[in-house]
Amino acid sequence: MSDVKRPVGVGLIGAGVISAQYLGNLTTFPDLEVRFVADIDLERARARAQEFGVPASGTTEELLADDGIDIVVNLTLPSVHAEVDLAIIAAGKHVWSEKPIATTAEDARRVLDAAAAAGVRVAVAPDTVLGAGLQSAFRAIAEGRIGVPRTATTMVLNPGPERWHPAPEFLFQAGGGPLLDLGPYYLTTLVSVFGSVVRVAAVGSIARPQRTVESGPRAGTTFEVTVPTHSALLIEFESGASAQATFSFESALPRAGFFEITGTDGAIVLPDPNMFDGESALWTLESWKGLTGPARPTPEVVAAVGPSNGRGLGVLELARSIAAGVPERASGALAAHVLDVMLAAATSAETGATVEVSSRVPAVEPLPADWNPTERTLP
Ligand SMILES: NC(=O)c1ccc[n+]([C@@H]2O[C@H](COP(=O)([O-])OP(=O)(O)OC[C@H]3O[C@@H](n4cnc5c(N)ncnc54)[C@H](O)[C@@H]3O)[C@@H](O)[C@H]2O)c1
């Protein structure tokens, strides 16, 4: 980004629920300057801009016409992520998109191809994988603390987001469900540790075909559930490693962030991949030596070292990577691979067959422990 002004200009499209967390963080990073908030609901865009001291708001077209904006943060709904990304790319700007990158593999490919042709970048949530909790665990694994990672078990179960989201329909329709809504956090973490997925088998089901909005001005509105609200996956990686993963909006018993990886020499319990912080617990086979009877070793705590600011870290990492001429970590290619895995799981659940995944992604280096979002690094 040698030709752009510093700090890097950021625009945000989609002033809904999650925009508050993004704006709360993006407006504190000295390398970035948030200049515009857009939404099809102009009043919502205006209110969010005012709340966070952003100087301008309006339509997507007005945002894209602003020459001072280099990176556009797409926080619209999954069904329109690809079309909004394509408009951002057509305006010659870099993209940070919320997950999933698209709802079909073809749309994800169109976005990546358009970006490559235009010479701009596409990076995609989750950026929780850049947070202190997961990065500290990744560094411990990269140092060989559990030997070679071989298997993983992860699950996230809760009653469903209609309890707290004022417009939750999209989370129960194509592009949603716990598989596409929560899956990206857990699957991106798995791919970060194990590399590319080659095969998926899955089952999926819908326990309650109708749900009711439970909060906000539309509370009491019922809507149809059109995608599975419970998905269970068996995943095989190119390395021969494997994982099992369960994503559910059906359980009265909440289980957030159950994530364990077993290696040839030890096991590690990671913090919730939907969060930026949290320590890990490390168990080694070595520590069992000499113990008898019911005695168990005490796990070692792996402290979370690094930034845990929250959503928006990936936008900053993208800006700094562009300036440094190095690849961004939360790349569009990684997100497209994770989408392929999720769509393979959906197909497997429908057909009963194991489904191959053909895309591959390169390994991603952990962030340096001293990576500091609140430091000005761009001249
Ligand atoms: N809500 C959360 O806790 C959360 C957490 C992490 C990620 N996300 C992701 O963030 C995205 C947005 O979620 P949300 O909960 O903020 O949704 P939301 O429904 O609260 O907000 C979406 C906003 O996008 C606007 N919008 C829709 N289509 C548009 C278009 N074509 N052009 C411009 N604006 C448009 C809507 O008017 C709305 O204001 C989703 O991809 C979701 O998966 C949400």
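Here, each number is a calculation from the coordinates, and none is a lab measurement. What you see is a predicted model; the values in this text were computed from it and never measured. Every residue, glycine among them, receives a Cβ derived from its backbone with ideal geometry; neighbour counts consider all protein chains shown.
Using only the C-alpha atoms of the range 65-209, find the volume of their convex hull and express it per residue in Å³. Walk me through the numbers on the way to the answer.
Working: hull volume 24.3 nm³, N = 145.
It comes to 167 Å³ per residue, whole-number rounded.
With 10 Å bins beginning at zero, the pair-distance distribution over Cα atoms of the range 129-302 amounts to 10, 33, 30, 18, 7, 2, 0 %.
Treating only the Cβ of Lys, Arg, Asp and Glu as charged (+1, +1, -1, -1), what charge dipole size does the chain show about its Cα centre? Round to the nearest 20 debye.
In total the dipole reaches around 520 debye.
Of the peptides 105-115, 242-252, 173-183, the ranking by mean beta-carbon count within 10 Å, highest at the top, reads 173-183, 242-252, 105-115. Each stretch of four or more DSSP H residues adds -39500 (n - 2.57); spread over every residue of the chain, this sum gives -9000 deg cm²/dmol at 222 nm.
With the Kirkwood sum run over all distinct C-alpha pairs, the range 226-300 has a hydrodynamic radius of 15.2 Å. Placing unit charges on the Cβ atoms only, positive for Lys and Arg and negative for Asp and Glu, gives the range 129-302 a dipole magnitude near 200 debye about its Cα centre. Over the C-alpha atoms of the chain, the Rg to Rh ratio, Rh being the Kirkwood estimate, stands at 0.97. Annotation: amide H-H contacts under 5 Å for Thr229 (H modelled 1.01 Å from N, sequence separation of 5 or more, or interchain): Ser205, Ile206, Ala207.
In whole Å, how far is the Cα centre of the range 159-208 from that of the range 1-66? Rounded to whole Å, the Cα centres lie 27 Å apart. Here the mean projected area of the convex hull built on the C-alpha positions of the range 266-307 is 3.5 nm². Only the Cβ atoms of Lys and Arg (+1) and of Asp and Glu (-1) were treated as charged; on that basis the dipole of the range 1-129 about its Cα centre amounts to roughly 220 debye.
The Stokes-Einstein estimate for the range 261-344, based on a Kirkwood radius over Cα pairs and taken at 20 °C with 1.002 mPa s viscosity, is a diffusion coefficient of 132 µm²/s.
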